[in-house]
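A.B. asks: Please see the structure below; I have some questions.
Nothing in this text is a laboratory measurement; each read-out follows from the coordinates by a stated rule. These figures come from a predicted structure and were not determined experimentally. Here the Cβ positions follow ideal geometry from the backbone for every residue, glycine too, while neighbour counts run over all protein chains shown.
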Amino acid sequence: MRPRDAEATKDRILMAAREEFALAGLGGARIDKIAAAADANKQMIYHYFGSKDGLFTAALEAEYAQFRAAEAALDLERLDPIEALIKQVTFTWRYYLDFPGFIGLVNSANLHKARHLETSADFQQINRPFLLRMRKIIARGVSSGQFRDDIDPVQLQITIAAGGYHYLNNRFTGTIVYERDLMSAKALRDRLAFNVKAILRLVCTPGTLAKMEKVSCTA
């Protein structure tokens, strides 16, 4: 088998694994199903990834790499801090909607206490840049007087993620608890608008919020 064919086979296996792990979790996923979906065989999977756990780690790394690459493409550095923050919140929400497998894989990773990622150097390299970008956005906002000077970028990023992650991860039970279709088009629009407003109120200075309210009232 030529190297190019080997890489193509690995890519097919990884794509099939991401789908299977997202749907069934690590415990429920079956190597036979992954092999069949990838037009490969079990021996190839073990040759390339070592084990089911090794394949799961690789699937998580690939899933996060795709997420962070799409995030980096937003080019937030060139935007006004408030615009950048709005774009970040909007992107995160829409990504969760467009790629539900991401939530499935993250859920499975947490079920196993992230032990598959603890020793992954690639995973650390994939995720470090996004927090640095958030630090820079906050620093620019503080410098311009738009943001408060006591914002922890880690807490802010967790809150941005939680606003979409919790909502979508609990959409079925939430629909029953709140007696509202949480996945209707209107509900999804309303949730995004709420997330954006909540984050801005958390981060912006009182003076900035007053100016924004004035603009919205006169628009």
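A.B. asks: Separation between the residue 87 and residue 209 pseudo-spin-labels, each 7 Å from Cα along Cα→Cβ, expressed in nm?
C.D. replies: 2.5 nm
A.B. asks: List the residues whose amide H sits under 5 Å from the amide H of residue 182, counting only those 5 or more places along or on another chain, with H placed 1.01 Å from N in the peptide plane.
C.D. replies: Hits under the 5 Å cutoff: 175.
A.B. asks: Just to be sure I follow the definition: excluding the sites themselves, where is the longest run in the chain that has none of the GluC sites (Glu not before Pro) in a DSSP loop with at most 16 other Cβ atoms within 10 Å? List each step's numbers first, then the result.
C.D. replies: Details: sites that count: 118, 179.
Formally, the longest exposed-site-free interval is 1-117.
A.B. asks: Given +1 on the Cβ of Lys and Arg, -1 on the Cβ of Asp and Glu, and no further charges, what dipole in debye does segment 60-218 carry about its Cα centre, rounded to the nearest 20?
C.D. replies: Working: 21 positive and 17 negative charges, 68 e Å.
Using only the charged Cβ atoms, the result is roughly 320 debye.
A.B. asks: May I pose another question? What ³J(HN,Hα) values, in whole Hz, does the Karplus curve 6.51 cos²θ - 1.76 cosθ + 1.60 give for segment 125-138 when θ = phi - 60°, with x put for Gly and Pro?
C.D. replies: Karplus-based 3J(HN,Hα) across segment 125-138 equals 5, 5, 9, 4, x, 5, 6, 4, 4, 5, 4, 5, 4, 4 Hz.
A.B. asks: While we're here: Can you give the FRET efficiency to the nearest 0.05 for residue 73 and residue 42, using r as the Cβ-Cβ distance and R₀ = 35 Å? Please report the intermediate quantities before stating the final value.
C.D. replies: Values: r = 36 Å, r/R0 = 1.03.
Efficiency for this residue pair is about 0.45.
A.B. asks: Do you know the relative contact order of the chain, to the nearest whole percent, from alpha carbon pairs under 8 angstrom that are 6+ apart?
C.D. replies: 20 percent
A.B. asks: Continuing with the same structure: Put +1 on the Cβ of every Lys and Arg and -1 on every Asp and Glu Cβ in the chain; which of 207, 54, 145 then has its Cα farthest towards the positive end of the dipole?
C.D. replies: Of 207, 54, 145, it is 207.
A.B. asks: Name the most mobile residue of 154, 106, 196, meaning the one with the largest mean-square fluctuation, in a Gaussian network model of the chain with Cα contacts below 10 Å.
C.D. replies: 154
A.B. asks: What chymotrypsin sites (Phe, Trp or Tyr not before Pro) does segment 150-219 have in DSSP loop regions with at most 12 other beta carbons within 10 Å?
C.D. replies: Details: sites: 165, 167, 172, 178, 194; in loops: 178.
Sparse-neighbourhood loop chymotrypsin sites (Phe, Trp or Tyr not before Pro): 178.
A.B. asks: Turning to a different aspect of this structure: Can you tell me the FRET efficiency between residue 173 and residue 24 if r is taken as the Cβ-Cβ distance and R0 is 25 Å, rounded to the nearest 0.05? Walk me through the numbers before you get to the answer.
C.D. replies: Details: r = 20 Å, r/R0 = 0.81.
Taking R0 as 25 Å, the efficiency between residue 173 and residue 24 is 0.80.
A.B. asks: Please work out whether segment 44-129 counts as rounded, prolate or oblate from its C-alpha gyration tensor, where a ≥ b ≥ c are the square roots of the eigenvalues and a/c under 1.5 means rounded, while otherwise a/b larger than b/c means prolate and anything else oblate? The partial results should precede the final answer.
C.D. replies: On the way: a/c = 2.57, a/b = 2.11, b/c = 1.22.
Taking the square roots of the gyration eigenvalues as a ≥ b ≥ c, segment 44-129 is prolate.
A.B. asks: Further question: Restrict the search to segment 68-115; then list the trypsin sites (Lys or Arg not before Pro) that DSSP places in a loop and that have at most 12 other Cβ atoms within 10 Å of their Cβ.
C.D. replies: Details: sites: 68, 78, 87, 94, 113, 115; in loops: 113, 115.
Those satisfying the criteria are 113, 115.
A.B. asks: Could you please state, rounded to a whole Å, how far the C-alpha centre of segment 127-148 is from the C-alpha centre of segment 65-85?
C.D. replies: 12 Å
A.B. asks: Short version: ³J(HN,Hα) in whole Hz for each residue of segment 29-36, in order, from phi by Karplus 6.51 cos²θ - 1.76 cosθ + 1.60 (θ = phi - 60°), x for Gly and Pro, what are they?
C.D. replies: Karplus-based 3J(HN,Hα) across segment 29-36 equals 5, 10, 4, 4, 5, 5, 4, 5 Hz.
A.B. asks: While we're looking at this one, here's another question. Please report the spacing between the Cα centers of segment 162-186 and segment 21-48 in Å, no decimals.
C.D. replies: What the calculation gives is 31 Å, centre to centre.
A.B. asks: Moving to a separate point now. What dipole magnitude, in Debye to the nearest 20, does segment 51-96 give about its Cα centre under +1 on Lys/Arg Cβ and -1 on Asp/Glu Cβ? Mind dumping the intermediate values first?
C.D. replies: Numbers: 5 positive and 8 negative charges, 28 e Å.
In total the dipole reaches around 140 debye.
A.B. asks: Only loop residues by DSSP count here, and only those with at most 11 other Cβ atoms within 10 Å; note down the trypsin sites (Lys or Arg not before Pro) in segment 26-67 that meet that.
C.D. replies: Here the trypsin sites (Lys or Arg not before Pro) that fit, given the DSSP loop and packing criteria, are 30.
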